[in-house]
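Below is one structure, written out as structure tokens, with a few remarks after it.
The values are calculated or read from the model by the stated rules, or taken from the named source; none is laboratory data. Owing to the predicted nature of the structure, the values given are computational and were not obtained by experimental measurement. A quick note on method: Cβ atoms are made from the backbone with ideal geometry, for glycine too, and the neighbour counts reach across all protein chains shown. Surface areas here come from the heavy atoms of the whole protein model, side chains and all, with no ligands, DNA or RNA. Shrake-Rupley method; radii C 1.70, N 1.55, O 1.52, S 1.80 Å.
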Amino acid sequence: MDLLAHLYHAHIGELNRRVAEICLRENISGLVIHSGQPHRQFLDDLNYPFKVNPQFKAWLPILDNPNCWIIANGQDKPRLVFYRPVDFWHKVNDLPDAFWTEHFEIELLTKADHIAEYLPKEITQWAYVGEHLDVADVLGFTSRNPDAVMNYLHFHRADKTEYELECMRRANQIAVKGHLAAKNAFYNGASEFEIQQRYLLEIGQGENEVPYGNIVALNQNAAILHYTALEHINPAQRLSFLIDAGASYHGYAADITRTYAFEKNRFCELIDALNKVQLAIIDTMKPGVKYTDLHIATHEHIGQLLIDFGLANGTVEQLVAQGITRAFFPHGLGHMLGLQVHDMGGYAHDERGTNVAAPDDHPFLRCTRVLAANQVLTIEPGIYIIDTLLEQLSATAKLAINWQTVAELRPFGGIRIEDNVIVHHNRVENMTREFGLVD
Ligand code: GLY
Ligand code: MN
Ligand code: MN
């Protein structure tokens, strides 16, 4: 049997076990999970690209078919109601025949609005899990995305099955190939737009298939954290390149960032130094460690880098306390990764929905969990020259900044280095590096 098919067997067993447990606890008959519906563009007859309900794709890798439903109670073989309309305008998905099909009772739905005929009779005993509450209402569900169920599912999302880990390795392997091609394109003079095309071609995924809009930034554009414009024209001078680009595998995401200097210079040394910080932080990951503590430790490392590279003066403690490290590194250290790029459950302290918020000083931190085996996280420290943040520093803090060095680095924009890491009982697995994106 193929490895994925083998692992999937245990994966679906675990999903069924979770459904059985939460349904027993909440005294409901089961879950009805909706893949979603197309979203129509305003005043148009075109739809936005379809994005499937992540709770649906947790069960099987159907990513492109709206109006599908999974009916699961954790005891019986789950039912898949698969949408297959008679339609000569659009591609109609074939009846699935894959490694997962034997694990479902499959029924075909030819008209989306006939779904009621396929649903359980005592519908008020079942919970709807999906985006379209109005549809659920019409169908008679009284329990729609109930908190107790959602909190439970989100909390356990962090605990990846072996099948999920394998999908995530494959997503990383694909993304790494794209990154190597993009790096090559950068050194060969490609524009942002051309680099993006090279990346997508190399990984064989379209813009709507990758898990998020790639960030492909030359020079100062690298300081714009969510830069997704793609310049067709090359800058007059080529200095630096930041690429934050992922890939999907069966609905699971990779989320990888690299930064390159065009020439050997001080910026290049800063990349090397931040790379060492990133690896040092990853080295300290193990079950029981709080992700928030990793984030705070990163600020201390970055404080030291600011001193070492003459960007700021003072002690590490002062640079952290005065918010100077935050001006240079304003985002969180990373997040949980999986079916979603920012996987749900990053603040979940337990399966009942107790949340631990990000610390007040670090509002953009997306994960406050205690690390445990089988979690997948990104580690993505950064250093940027973002003038609006530097300007907001207090007068005292501004005195600690070496503005001359800031001016020298400004044209390079910034640096982020992001790997995808699995926490195991006795080691960490850095998927990104192990597939060959070594620096
Ligand atoms: N690419 C989005 C992120 O790194 O979180
Ligand atoms: Mn990320
Ligand atoms: Mn990223």
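A compact table of results
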{"read-out": "Subset of region 240-254 [open to solvent by 10 Å² or more (accessible area, probe 1.4 Å) and either away from ligand 3 (no atom under 16 Å from the Cβ) or more than 27 Å from P54 (Cβ to Cβ) (or both)]", "value": "Y249, H250"}
{"read-out": "Filtered residues of region 224-247 (kept if in contact with a helix residue (DSSP H, G or I) (Cβ under 6 Å, 6 or more places away or on another chain) and either within 15 Å of ligand 1 (Cβ to nearest atom) or of a type in the set (G, A, S) (or both))", "value": "Y227, S240, L242, I243, A245, G246, A247"}
{"read-out": "Inter-residue pairs, beta-carbon under 8 Å, first in a helix (DSSP H, G or I) and open to solvent by 80 Å² or more (accessible area, probe 1.4 Å) and in region 255-273, second at pLDDT 95 or above and away from ligand 1 (no atom under 16 Å from the Cβ), 6+ apart", "value": "R266/F309; R266/E408; R266/L409; E269/F309"}
{"read-out": "Helices (runs of 4 or more DSSP H) within region 322-439 that include 2 or more residues on the phi < 0 side of the Ramachandran plot, within 16 Å of ligand 3 (Cβ to nearest atom) and open to solvent by less than 10 Å² (accessible area, probe 1.4 Å)", "value": "431-434"}
{"read-out": "Qualifying residue in region 20-34 (condition: open to solvent by less than 70 Å² (accessible area, probe 1.4 Å), of a type in the set (G, A, S), part of a loop (DSSP other than H, G, I, E, B) and out of contact with any His (no Cβ under 7 Å at 6 or more places or on another chain))", "value": "yes"}
{"read-out": "Sole residue being within 18 Å of L337 (Cα to Cα) and of a type outside the set (F, W, Y), chosen from G213, G206, G178", "value": "G213"}
{"read-out": "Count of region 146-200 residues which are β-branched (V, I, T), touching a helix residue (DSSP H, G or I) at 6+ places or on another chain (Cβ under 6 Å) and under 25 Å from V438 (Cα atoms)", "value": "2"}
{"read-out": "Answer residue from region 1-12, given it is open to solvent by 40 Å² or more (accessible area, probe 1.4 Å) and not aliphatic (A, V, I, L, M) and is nearest to D159 (Cα to Cα) among those", "value": "H9"}
{"read-out": "Enumerated helices (runs of 4 or more DSSP H) restricted to region 125-239, each holding at least 1 residues that are without any contact (Cβ under 8 Å) to a residue 40 or more places away in the chain and open to solvent by 60 Å² or more (accessible area, probe 1.4 Å)", "value": "133-139, 162-187, 192-203"}
